[in-house]
Amino acid sequence: MNYSYLPYDPIFPKLFLKEKKYLQKIIGNDSVIEHFGSTAVPGLHGKGVIDIYILVLKQRMKAVSEILQKNGYVYKNYASEKDRLFHDINKKYYDKRYHFHLHLSSIGNKNFADCIRFRDYLMKHPDAVEKYQKIKRIAIKKTKGVTDRKEIIRIYFETKSVVVKEILKLVVK
């Protein structure tokens with residue numbers, strides 16, 4: 001597994017909206033569902049994965065995870081936080097397959113708030129988008145030749161974290 005670096009596709013927000021509508025149908029409307037990550041920021045290159053954050057009441061997390069799994073979303077224990085459950089799926093839309101990552105957590109999750117603040121900042125600051133793209137390219141280069149999935153993920157996110165933390169400091173001020 002190696003990360004690739006794909007150009008932004010304007011179809012990403014449409015795919016998110018279709019998936020959000022479907023998720024609301026299967027888990028209910030009492031959740032917060034947000035698009036984040038590279039596919040949520042127009043012009044930002046990335047892996048081409050549609051990242052979706054779902055917030056529910058803490059007592060509903062297990063039930064919602066089970067509903068997701070019954071509907072084809074694969075649970076994977078990648079999340080570093082104990083209160084965040086990760087699921088993924090490949091789905092066909094418009095005669096093409098797309099990859100979705102679902103991050104399920106409880107209302108009040110700090111990681112969720114950071115992800116949304118980061119996304120919103122990038123959407124308003126094209127210079128920050130360029131800076132973030134540069135560090136992502138460096139992160140991808142650092143993972144070349146690494147075969148251990150956990151090590152690839154660690155290197156990629158550790159490398160990007162410098163810029164992410166820098167931007168989040170600006171947002172919190």
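The values are calculated or read from the model by the stated rules, or taken from the named source; none is laboratory data. Quick caveat: nothing in here was measured; it's all calculated off a predicted structure. For neighbour counting, all protein chains shown are included, and Cβ atoms are generated from backbone atoms with ideal geometry for every residue, glycine included.
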Q. For the stretch 50-157, which strands (runs of 3 or more DSSP E) that fit wholly inside it have 3 or more residues that are within 26 Å of PRO13 (Cβ to Cβ) and of a type outside the set (A, V, I, L, M, F, W, C)?
A. 84-93, 96-106
Q: Looking for whichever is in contact (Cβ under 8 Å) with a residue 40 or more places away in the chain and farther than 16 Å from GLN24 by Cα here; the options are PHE100, PHE118. Which one fits?
A: PHE118
Q) Restricting the search to the stretch 56-100, which residues are modelled with pLDDT of 90 or more, buried (at least 20 other Cβ atoms within 10 Å of the Cβ) and not aromatic (Phe, Trp, Tyr)? A) VAL56, VAL64, SER65, LEU68
Q: Check off (1) over 20 Å from VAL163 (Cα atoms); (2) part of a loop (DSSP other than H, G, I, E, B); (3) among the hydrophobic types (A, V, I, L, M, F, W, C) for LEU44 and give me the number that stays unchecked.
A: (1)
Q: Search the stretch 47-72 for residues that are without any contact (Cβ under 8 Å) to a residue 12 or more places away in the chain and pair each with any residue that is in a strand (DSSP E or B) and crowded, with 16+ Cβ neighbours inside 10 Å when their beta-carbon atoms are under 6 Å apart and the residues are at least 6 apart or on different chains.
A: none
Q: Specify which of the listed residues (GLY37, GLY28) is surrounded by 20 or more Cβ atoms within 10 Å (Cβ to Cβ), modelled with pLDDT under 95 and at positive phi.
A: GLY37
